[in-house]
Amino acid sequence: MIILVIILIIAAVIILRLRKSSANSRMRMDPTMGLIETVSAQDLSETVSASGTVLLNDEIEVYAEGDVNIVRSILVEEGDTVEVGDLLVEYDVDDTKESLENSIRDTKRSIENAQLSLEELTLPSTGADLEKLENAVTSAEISLQNANAEYSSYTTKLSQQQTTINTAQTDVDRAQKNYDDCVALMAVGGASQSEADDYEYALNTAKGTLTKAQDDYNDILDEQETARLSVLSAENSLKEAQTALYEGQNPLSSESSQIAYKQQQLNIESLQDSLSDYQKDLDELVYYTYADVSGTVTEVCIDEGTYTEENTIILYVADFNDLIVSADIEEYDAPSLALGQKVTMTSDGLEDKVYTGTITKISPSADDTTTNMGTETTVPIEISIDNPDGILKPGYSLDLEITVKETSDLLMVSTSSISKDESGESYVYKINNENKLEKTAITTGESSDVYIEVLSGLSEGDRIVSSIFDGVEEGLTLEELMTLNSARTEEINAESADNENGGRENDRNNQSNQMLPSGGFGGGGPQGGGSMGR
């Protein structure tokens, strides 16, 4: 075991010396490596890094058709590829179809009956009906003639009764005079009381006859009024009979018959509308749902026997070549985002695959996102994918590099090549035509982590010191700069070697302590080993 440890230590020393020799060899091959750089025009880009998830861009909802249907069979499954026109779902419409056909049949019968009734309203009376109407007119005419004759007879009766009254009045006047004369004579003794009583009786009798004659006259007047009313009634009856006969001969001559005719027409129109609706429902009866887009069925939302309506989603179809990436951008990076910015996307699981796209949507509001580090405020975005190529799948994770700023043809130098003097002015060391270092003031602009734009002080093609370190100053020749750098490199290598040797010594001590028994090789005492155990 001890021999094996020694062999391992020797092998490690040899490997380290070989690495140092290789490094020294490379330094000798290119003494200016890393010392000098050439000012050149470059493109400057600023990026934001994020992680995203691949999603389907648009899952199309396929809705059931028809008002209410029962699903008889589902003709596709999740994962099936469908084309426009493919059958998706078959409906059980037998009962609905039978009900509509029965409604159509019954409505047609109702229309036929209503049309017959309408036609009947336009037919004139004939045969027995017409004869009955004509007889009613004749009877009404006779009744009117009789009523008029009766009414006319009362003129004579009244005249005769007036004569009776006049006669009775004359008798009263005569009896009154005789009674008055008798009373006068009786006062002078020319007549007796008995005679006076007789004259008084005759007077009262005459008055009674006059009163009765007057009462009879009034009764005749009442009878005449009744006869007049009978005449009016007979006239009305004749008019009604004549009107009925005219309407029988001319069915639509009256307002009431015209209203009845119009009502029947409206009834027929309503029945015809119902028939049209039933026929339309029958013609539009949905037996199947067909695909109106091409894609892959991602979800079936119904079962056989399900009742569906027009707004029922039966399944989803998506185009797996139409993908997007959803990502959450930290609130600090979100202000630099804009629609249309370019995005480069890679995945650890898809080696050598680089996808490109652009930002197509930026949420107007931020969300709280839970991460391993806690809760962060982020802004959701969506990114298009230029060429999904069929390899990307929904649910894949991608690493994103979003180019938020990009500028072309800028004079760029390494940030390590720039220093500042006491006044805060930036400068570099330029290699002049004599291969000497020349301190050159510059102004700077845009920058990245490694490079910075030079606005003035340098031109494209100028050579400058890449990294300023102790001892670099104006006036040094290029050879002196390389010598200074070599000395610096040897010093760094020596320090590195010392660190490596110290590290190896520590490693050997640690390995010995781990592998040797407690107490080492010697006997007892501070340096030796004691007993290995009790």
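Whole-Hz Karplus values for the stretch 63-68 come out as 9, 5, 10, x, 5, 9 Hz, taken residue by residue from phi with 6.51 cos²θ - 1.76 cosθ + 1.60 and θ = phi - 60°; glycine and proline positions read x. Label-to-label distance, D348 versus D181, with points set 7 angstrom from Cα along the beta-carbon direction: 16.4 nm. For the chain, a crude dipole built from +1 on the beta carbon of Lys and Arg and -1 on the beta carbon of Asp and Glu, taken about the Cα centre, is about 2140 debye to the nearest 20. Of the whole protein surface, E330 contributes about 80 Å² of accessible area at a 1.4 Å probe radius. Ellipticity at 222 nm from helices only: DSSP H runs of n ≥ 4 in the chain, each -39500 (n - 2.57), divided by the residue count, give -17000 deg cm²/dmol. Taking all protein chains together, Y179, Y396, Y91 sort by accessible area into Y396, Y179, Y91, largest first [probe 1.4 Å].
Pair-distance distribution P(r) for the stretch 143-275, from all Cα-Cα distances in 10 Å bins starting at 0: 11, 18, 15, 13, 11, 10, 7, 6, 5, 2, 1, 0 percent. Sites listed here are chymotrypsin sites (Phe, Trp or Tyr not before Pro) in the stretch 398-485 whose DSSP assignment is loop and whose Cβ has at most 16 other Cβ atoms within 10 Å: F469. For the stretch 285-328, relative contact order (Cα pairs under 8 Å, six or more residues apart, normalised by length) works out to 43 percent.
Here the alpha carbons of the chain define both size measures, Rg and Dmax, at 65.2, 213 Å.
Summary of the geometry: the stretch 46-96 and the stretch 280-354, compared by the centres of their Cα atoms, lie 9 Å apart. Accessible surface of R463, taken over heavy atoms with a 1.4 Å probe and every protein chain present, rounds to 90 Å². Rolling a 1.4 angstrom probe over the chain with all protein chains present gives an accessible area of which 47% lies on carbon and sulfur atoms.
Can you give me the relative contact order of the stretch 378-484 as a percent, contacts being Cα pairs under 8 Å and 6 or more apart?
Relative contact order here is 25 percent.
Once the Cα atoms are used to define both axes, helix 255-283 deviates from the longest principal axis of the chain by about 20 degrees. A simple spin-label model places the labels of E309 and T358 4.3 nm from each other, with each point 7 Å out along Cα-to-Cβ.
Accessible area per residue was computed with a 1.4 Å probe on protein heavy atoms; K393 scores about 90 Å². Between the listed residues Q265, S49, I313, the Cα displaced farthest toward the positive end of the dipole of the chain, a dipole computed from Cβ unit charges relative to the Cα centre, is found at S49.
Each part reduced to its alpha carbon centroid, the stretch 360-378 and the stretch 467-493 end up 50 Å apart.
Here the gap between E77 and D333, fully extended at 0.36 nm per residue and compared with their Cα-Cα distance, gives a gain of 87.9 nm. Axis of helix 478-515 versus longest Cα principal axis of the chain: the two differ by about 90°, to the nearest ten degrees. Placing unit charges on each Cβ (+1 for Lys and Arg, -1 for Asp and Glu) gives the stretch 55-154 a dipole about its Cα centre, and among L144, I111, T122 the Cα reaching farthest toward its positive end belongs to L144. For the stretch 128-280, the dipole from Cβ point charges (+1 on Lys and Arg, -1 on Asp and Glu) about the Cα centre works out to 280 debye, to the nearest 20.
Global dimensions of the stretch 371-431 from alpha-carbon coordinates: Rg and Dmax equal 21.5, 60 Å. For the chain, the solvent-accessible area of protein heavy atoms averages 63 Å² per residue (probe radius 1.4 Å; ligands and nucleic acids excluded).
Full extension of the chain between D216 and S496 gives 84.3 nm of extra length, using 0.36 nm per residue less the Cα-Cα distance. A compact globular protein would have a Cα radius of gyration near 2.2 N^0.38 Å; the ratio found for the stretch 211-289 is 2.58.
What angle do you read, to the nearest 10 degrees and between 0 and 90, between the alpha-carbon axis of helix 2-29 and the longest principal axis of the chain? The answer is roughly 90 degrees. Look at the alpha carbon pairs under 8 Å that are at least 6 residues apart: their mean separation over the length of the chain gives a relative contact order of 25 percent. Each of E119, E446 has its accessible area taken with a 1.4 Å probe; listed largest first, they run E119, E446. Think of the chain as having a plus end and a minus end, set by charges on the Cβ of Lys, Arg, Asp and Glu; of M373, S233, A487, A487 sits farthest toward the positive end of this dipole.
The values are calculated or read from the model by the stated rules, or taken from the named source; none is laboratory data. Since this is a predicted model, take the numbers as computed values, not measurements. Every residue, glycine among them, receives a Cβ derived from its backbone with ideal geometry; neighbour counts consider all protein chains shown. Areas reflect the complete protein model, heavy atoms only, side chains present, ligands, DNA and RNA absent. Shrake-Rupley method; radii C 1.70, N 1.55, O 1.52, S 1.80 Å.
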